[in-house]
Every structure is written in structure tokens, then in C-alpha cells.
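> Got a structure for you, questions after.
The values are calculated or read from the model by the stated rules, or taken from the named source; none is laboratory data. Here the structure is a predicted model, which means the values were calculated and not measured. Here Cβ is always computed from backbone atoms with ideal geometry, including for glycine, and neighbour counts include all displayed protein chains.
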């Protein structure tokens with residue numbers, strides 16, 4: 001699909017409390033070995049898109065660190081590539097640090113490429129989605145803009161803050177509003193946008209004369225309400241597994257959900273690999289007195305204690321007598337002998353002292369900041 005440019009859009013991602021205070025959600029650790037961005041990037045690659053790019057809003061150091069040599073999501077190293085899009089002017093003026101202005105600063109994607117389509121995904125939506133059927137329908141129908149959405153029955157507690165789509169009987173968008181949790185049923189945007197290159201150029205050119213602080217989402221709402229540019233937005237449903245990570249509570253809940261077989265198999269499919277940056281770390285080592293059950297334990301870990309219903313990231317040490325329960329421990333942490341944690345998220349490089357106990361609550365998880373010694 002050389003005529004298609006894919007863009008991971010980090011501009012509209014929600015915050016996960018202190019967990020994303022010094023990193024974007026896109027590069028935040030997930031399930032021990034992944035980052036959130038890996039799922040959208042793998043969707044691009046598995047769908048045959050070779051030109052994959054990242055629209056960076058902030059914290060580019062963390063993103064660059066995870067991307068490494070930027071070839072983890074490229075199947076063909078001769079024709080494919082990964083590129084970082086960064087808007088330095090937007091960093092100096094946050095009100096104008098939008099996805100559209102980022103593209104304007106990197107406008108080769110509009111004027112120098114041979115691409116006819118741009119496909120956007122967002123890192124906070126975790127799903128394994130084959131984009132090819134949606135792209136094929138977009139082209140077959142001759143649409144200018146297509147949005148992929150999911151119909152949910154629990155919008156009173158899920159996808160809070162996401163765009164809710166009001167769609168007419170012909171499948172075209174009439175209006176958009178933010179989900180405030182006041183209804184159970186809703187058609188929520190998965191922030192997968194398929195946009196013709198010429199249409200995006202029109203949007204940007206018009207935006208220069210209207211409001212330079214708008215992003216693509218705001219423009220799509222204006223198009224839907226006002227028949228702006230004489231364009232209609234076609235909406236197509238997706239019915240598979242999809243979660244929106246929009247809070248620390250959902251980060252914990254949805255991560256633990258994947259300890260169950262059914263949702264895990266819906267996300268991790270045999271024919272749909274999830275690519276990530278590789279690390280040259282040895283396999284996990286389990287001591288003779290270790291007790292591990294219903295948990296993800298990443299490579300490089302040394303487990304001599306007890307780990308139950310938890311997610312342990314790379315190079316974590318759980319020493320003798322230490323107990324980890326219903327917790328997420330990020331990389332390079334140490335739990336000293338006879339320590340105990342439950343219902344806790346421990347950020348990187350932290351240490352829990354010997355015999356020290358930290359007990360959160362299932363509905364009120366405790367967060368331990370990066371590099372803490374407790």
C-alpha cells in the first residue's frame with residue numbers, strides 16, 4: 001500500500017495521572033513488554049502499509065527511546081520507513097500544538113508524496129484491527145473521509161471523553177459530542193480516520209483562515225454539522241475487541257482483564273503479531289521457592305518470592321519472601337525480602353524496602369512514582 005501514509009496521532013491522548021507526567025501515553029509500558037503505540041503501529045504494518053509516521057505532541061525523548069532504530073514496524077526495509085513528525089512552534093505555543101499544525105510543519109506528506117490516502121490511529125485505543133477492509137470500502141464508495149467506530153452498551157463508564165457519533169440512516173455523520181457518561185448505548189469513535197490527501201489539504205487551507213487552534217477532530221465535527229467543503233463523512237462499524245485507556249483506573253482494570261483467556265485471545269491473534277522494540281535481556285529466572293500464578297512476567301526478571309494476579313515488567317527483582325498481588329510493577333524495580341504490595345502501580349527504578357508493606361484498594365490503586373524508595 002505505497003499510496004497510503006499512516007500516522008499515529010499522539011495529539012489527543014488522555015492522561016493516565018502521574019503515570020504519564022513525564023512520558024506520552026504512546027510510549028507508556030503495557031503488559032510488561034509492550035508500549036501502547038505498538039498496537040496501532042502493528043495494525044499499520046499488518047495491513048500492508050509501509051509508510052508509517054508518528055505525530056508527536058510532547059515528551060519526544062520517551063517516544064524516540066521506545067522506537068529505537070525506527071524499523072520495528074517496517075516489513076520492507078527498502079520501501080518502508082518510520083518518521084517522527086514534530087512541531088517545534090507548537091511546543092512554544094501549546095494552544096497551537098495540534099495534529100493539523102504538526103502536519104503543516106511537515107507538509108511534505110501533503111505536497112511531495114504520491115500518497116492518495118492518509119490513515120490515522122490513536123495510541124490510547126488498544127485493538128487488533130485489519131485496516132484493509134475499511135480502506136477498500138472507502139475507495140470503492142468514493143468517500144473523502146471515513147471514520148471507524150464501535151457501538152458499545154456501557155458508555156456510562158467506558159470511553160468517557162471520547163467522541164460519540166450521531167449517524168444518519170445512510171451511515172453518514174450528522175453530529176459529534178463528547179461522552180459524558182450520561183447514556184449506556186453509544187457509537188464511539190475509535191479515532192481511526194481515513195482521509196483523502198486532497199481533502200486534508202482543503203481542510204488545512206481553510207483552517208488557516210478560520211481558527212489555527214483547531215485539530216482534525218474539530219474539523220470533522222464542523223464538516224458533519226455544516227456540510228463544510230461539500231463533504232460528507234462516512235462511518236463504518238468495528239465489532240471486535242477495543243479498549244480506550246483514559247485513566248489510571250482503566251489502565252489497571254483493562255490490563256488485568258487481559259489475564260483472562262477470552263479477551264487475551266481477542267486481542268492477540270495468531271495471524272496478527274504485535275511488533276515492539278526488542279531488548280537483549282535473558283529469560284526470567286524463578287527461584288526454588290517462587291510462587292507465580294495468573295500473571296505476566298517479562299524477560300530479565302528474577303522472581304524468588306510470590307507473584308499473583310499481577311504484571312511484572314522487564315528486569316524486576318522480587319526477592320525471597322516478597323509478595324506481589326494485583327499490582328503492576330514497571331521495569332527495573334526491586335522488591336526487597338519480605339516486602340509486600342497489593343493493588344499498587346510501581347513506576348520504573350523504584351525500590352520497596354525489606355519488610356515494608358503497601359496495600360491499596362481494588363477501586364483506589366496506589367501509584368508509586370518513578371525512582372521512589374519506599
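> Tell me whether the range 41-50 contains one or more residues that are touching a helix residue (DSSP H, G or I) at 6+ places or on another chain (Cβ under 9 Å) and within 19 Å of residue 253 (Cα to Cα).
No, the conditions are met nowhere in the range 41-50.
> Taking the range 307-320, which residues are in contact with a strand residue (DSSP E or B) (Cβ under 8 Å, 6 or more places away or on another chain) and either surrounded by 19 or more Cβ atoms within 10 Å (Cβ to Cβ) or part of a loop (DSSP other than H, G, I, E, B) (or both)?
Answer for the range 307-320, where residues must be in contact with a strand residue (DSSP E or B) (Cβ under 8 Å, 6 or more places away or on another chain) and either surrounded by 19 or more Cβ atoms within 10 Å (Cβ to Cβ) or part of a loop (DSSP other than H, G, I, E, B) (or both): 307, 309, 310, 311, 312, 313, 316, 317, 318, 319.
> Regarding residue 150, is this residue more than 24 Å from the chain's Cα centre (by Cα) and assigned to a strand (DSSP E or B)? Spell out how you get there, then give the answer.
On the way: more than 24 Å from the chain's Cα centre (by Cα): no; assigned to a strand (DSSP E or B): yes.
No; evaluated as a whole, the condition is false for this residue.
> Within the range 275-290, work out how many residues are at pLDDT below 95 and either part of a strand (DSSP E or B) or over 30 Å from residue 338 (Cβ atoms) (or both).
5
> Which of the numbered conditions does residue 189 fail, given that it passes all the others? Conditions: (1) in a helix (DSSP H, G or I); (2) closer than 28 Å to residue 164 by Cβ.
(1)
> May I pose another question? Report, by residue number, each residue of the range 179-202 that is closer than 19 Å to residue 15 by Cα and exposed (fewer than 12 other Cβ atoms within 10 Å of the Cβ).
Matches in the range 179-202: 180 only.
> Has the range 119-130 got any residue that is part of a loop (DSSP other than H, G, I, E, B), at pLDDT 90 or above, in the same structural domain as residue 41 (by TED's automatic domain parsing) and more than 25 Å from residue 10 (Cβ to Cβ)?
no
> Kindly indicate the residue of the range 291-302 that is assigned to a strand (DSSP E or B) and within 29 Å of the chain's Cα centre (by Cα) and also surrounded by the most Cβ atoms within 10 Å (Cβ to Cβ) among those meeting that condition.
For the range 291-302, the residue satisfying everything is 297.
> In this structure, does residue 266 turn out to be at pLDDT below 95 and over 30 Å from residue 205 (Cα atoms)?
When the stated conditions are applied, residue 266 does not pass them.
> Output yes when any residue across the range 68-87 is in a helix (DSSP H, G or I) and either modelled with pLDDT under 90 or touching a strand residue (DSSP E or B) at 6+ places or on another chain (Cβ under 7 Å) (or both), and no when none is.
No, because not a single residue in the range 68-87 is in a helix (DSSP H, G or I) and either modelled with pLDDT under 90 or touching a strand residue (DSSP E or B) at 6+ places or on another chain (Cβ under 7 Å) (or both).
> I want to confirm something. Restricting to the range 348-364 and keeping residues that are touching a strand residue (DSSP E or B) at 6+ places or on another chain (Cβ under 6 Å) and in a loop (DSSP other than H, G, I, E, B), which single residue is modelled with the highest pLDDT?
350
> Among the residues of the range 291-307, is any touching a helix residue (DSSP H, G or I) at 6+ places or on another chain (Cβ under 7 Å) and modelled with pLDDT of 95 or more? Show your work before the answer.
To start, the set of residues in the range 291-307 that are touching a helix residue (DSSP H, G or I) at 6+ places or on another chain (Cβ under 7 Å) comprises none.
The answer is no, given that none of the residues of the range 291-307 is touching a helix residue (DSSP H, G or I) at 6+ places or on another chain (Cβ under 7 Å) and modelled with pLDDT of 95 or more.
> Could you grab me the full set of residues in the range 134-153 that are free of Cβ contacts under 8 Å to residues at least 60 places away in the same chain and either outside the structural domain of residue 8 (by TED's automatic domain parsing) or under 29 Å from residue 27 (Cβ atoms) (or both)?
Just the residues of the range 134-153 that are free of Cβ contacts under 8 Å to residues at least 60 places away in the same chain, to begin with: 136, 139-140, 142, 152-153.
Scanning the range 134-153 gives a single hit, 152.
> Same structure, new question: Could you please give the count of residues in the range 167-184 that are in contact with a strand residue (DSSP E or B) (Cβ under 6 Å, 6 or more places away or on another chain) and free of Cβ contacts under 8 Å to residues at least 12 places away in the same chain?
The number of residues fulfilling the criteria is 1.
> Here's a follow-up. Do you know which of the residues in the range 325-339 that are within 16 Å of residue 284 (Cβ to Cβ) and free of Cβ contacts under 8 Å to residues at least 24 places away in the same chain is surrounded by the most Cβ atoms within 10 Å (Cβ to Cβ)?
For the range 325-339, the residue satisfying everything is 329.
Conditions tested, residue by residue: (1) outside any strand (DSSP E or B); (2) more than 27 Å from residue 57 (Cα to Cα).
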site: 166; (1), (2): no, yes
site: 169; (1), (2): yes, yes
site: 184; (1), (2): yes, yes
site: 219; (1), (2): yes, no
site: 251; (1), (2): yes, no
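> Of these, 238, 219, which one is closer than 20 Å to residue 127 by Cβ and surrounded by 14 or more Cβ atoms within 10 Å (Cβ to Cβ)?
Numbers: 219 fails: closer than 20 Å to residue 127 by Cβ.
238 is the lone residue from the list that is closer than 20 Å to residue 127 by Cβ and surrounded by 14 or more Cβ atoms within 10 Å (Cβ to Cβ).
> Mind listing whichever residues of the range 27-46 are in a loop (DSSP other than H, G, I, E, B) and under 11 Å from residue 276 (Cα atoms)?
Residues satisfying the conditions are 33, 36.
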